1. Which residues' amide hydrogens lie under 5 Å from the amide hydrogen of A:Gly36, considering only partners 5 or more residues apart or on another chain, with H built in the peptide plane?
2. Taking neighbour counts of Cβ atoms within 10 Å as a proxy for exposure, in what order, fewest first, do A:Arg106, B:Arg239, A:Arg28 appear?
3. Treat every Asp and Glu Cβ in chain B as -1 and every Lys and Arg Cβ as +1, leave all other atoms uncharged, and give the resulting dipole magnitude about the Cα centre to the nearest 20 debye.
4. Taking each residue of B:78-86 in turn, how many C-beta atoms of other protein chains fall within 10 Å of its C-beta, and what is the average?
5. Taking the beta-carbon count within 10 Å as an exposure proxy, list A:Ile189, B:Ile152 from fewest neighbours to most.
6. Quick one: which of A:Lys20/A:Lys61; A:Lys30/A:Lys108; A:Lys47/A:Lys123; A:Lys42/B:Lys99; A:Lys47/A:Lys200; A:Lys15/A:Lys42 span more than 25 angstrom between C-alpha atoms?
7. What's the FRET efficiency of B:Ile231 with A:Asp99 using the Cβ-Cβ distance as r and R₀ = 30 Å, to the nearest 0.05?
8. Over all distinct alpha-carbon pairs, what is the Kirkwood Rh of chain B in angstrom?
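What follows draws every value from the coordinates through simple rules; no lab data is involved. A quick note: this is a predicted structure, and the numbers were derived from the prediction, not measured. Don't worry about glycine lacking a Cβ; one is built from the backbone with ideal geometry, like all the others, and counts go over all protein chains shown.
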Amino acid sequence: MELVTCSHLQKAYGKETALKDVNLQIGRGKIIGLLGPNGSGKTTLIKILNGLLQPTKGDVKVNGKIPGVDSKAIISYLPDKMYFADWMKVSDLLDFFEDFYKDFDRQKAESMCKSLGVSIKDKMKKLSKGNKEKVQLTLVMCRKAQLYLLDEPIAGVDPAARDFILDTILNNYNEEGTVLISTHLIADIEKIMDEVILIKSGEILKHVSADDLREQSGKSIDAMFREMFHADNYIGGDFTC
Amino acid sequence: MLGKLIKYDIKAMSKIIVPFWAALLILGWVIAIQNHFRKVTQFSTMNVLMIVIAIVIITAVFVMNIVIVIQRFWRGLLKEEGYLMFTLPISARNLIFSKLISALLISLGTVFVIIFMFLPWILIGGDLKNLIFAFRNFDFNNVKWMISVIAIVIAEIASSIYHVYAAMAIGQLSNRNRFLFSFAAFIAISIIQSILSVLAMDVLGFEGNVFEDDKLFYLIVSVIQCVIYHIITEYLLSRKLNLE
């Protein structure tokens, strides 16, 4: 059974269509890049997969079930914003994850916080923006989940933090599970991707293996992406090709 | 799981409300001690000032209570924190129950604190004998009456909380201004509720006096309101959730 199946998935916000007839199957044990320019529907697709949004039409199944209590138990989600309450200390968040997720490894999370120089007694709101993001990523990656949904984990951080984030993902994910990383900063994750999903204006343009895509096009995925989404080049930020 | 959710909600709410409760209790003692030593029998300036301060703080605590009940639901489920709460392996029903039970407990806590605020008056003011006398001569036939009034008060508070929750659950459907839409939904629900209550009382011939024989009617109405508001809230948050 595929881990994720979307059939004829549509999502509209009022008159605006965010996803148009998305058909997608995602297997297990892979790192997949969900690549597309800003506003292409990446976040909407991720939110539908974890039940934060309901599709307007079509079906979504995660591990054979529509998003609900069962699917949420096997999904580890990193949103593109801070989602903890202001009053929480790092230790409160650790308690919280330990209380609600059976697959959460508290010891590992504590030692990762320590290596970041973050005390578990620190108040979350007093941490620097970078450390808040790192703690949130640590919590998400210290779960032995089946599906990691990481929404723009490397957007808006400096290159050193990007390296930390990618290393944390690679060193900690459950290898039997799948990691879906949405981003428009392709150069940074090019080397780690097994598969690529290219999305534009709410439509899936391609879903292929990263190697096949490079072979077919004879270019790096980053270069190909820049050609495909020419108008969005500037948003991508780094001009390495 | 519900117990764990309630634990976090109570913790979040108590961080804000407990200092206000403490202020009320301290003020209760200050007023009682001041009255005792000054042997105030008439309305002196100081006495009036103390009463005004007490009324202001009691009002502030009530307002704060309402604000945190709304805030815990709005920020805790429908803003950024919602991304954490709605991705937990927990049903929307339990998330709503947790918010409701913790809001109810905090609201009852506020009521008790206000009652206890007047305890020093009785203890210091020499009215203790009267209180003991009143307890000794308490007519236990009134217990049934008291229990039914307490049940109505709890059901009324619960239905008021649910009313606000349902309005916010409707408001979050808007893609434009979710807060304004929630406010409009609150007013619309109030109007519908008033019309239905008047119609129901008219049809069933009730007088509208909660202290007389209509207590059961009031209790049933509040429970029905709770059930309807819960169904609306749960349906919208589980089937039509629209996090920004």
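1. A:Thr183, A:Ile199
2. Working: A:Arg106 13, B:Arg239 9, A:Arg28 16.
So the residues, fewest neighbours to most, are B:Arg239, A:Arg106, A:Arg28.
3. Working: 19 positive and 13 negative charges, 183 e Å.
In debye, rounded to 20, chain B gives about 880.
4. Values: counts 0, 2, 6, 6, 3, 12, 12, 3, 8.
Taking the mean over all residues of the peptide, I get 6.
5. Values: A:Ile189 24, B:Ile152 20.
Taking fewest neighbouring Cβ atoms as first place, the list is B:Ile152, A:Ile189.
6. Details: A:Lys20/A:Lys61 17 Å; A:Lys30/A:Lys108 23 Å; A:Lys47/A:Lys123 28 Å; A:Lys42/B:Lys99 31 Å; A:Lys47/A:Lys200 17 Å; A:Lys15/A:Lys42 19 Å.
Pairs exceeding the cut-off: A:Lys47/A:Lys123; A:Lys42/B:Lys99.
7. Values: r = 28 Å, r/R0 = 0.94.
About 0.60, to the nearest 0.05.
8. Values: mean 1/r = 0.0484 Å⁻¹.
About 20.6 Å, per the Kirkwood formula over Cα pairs.
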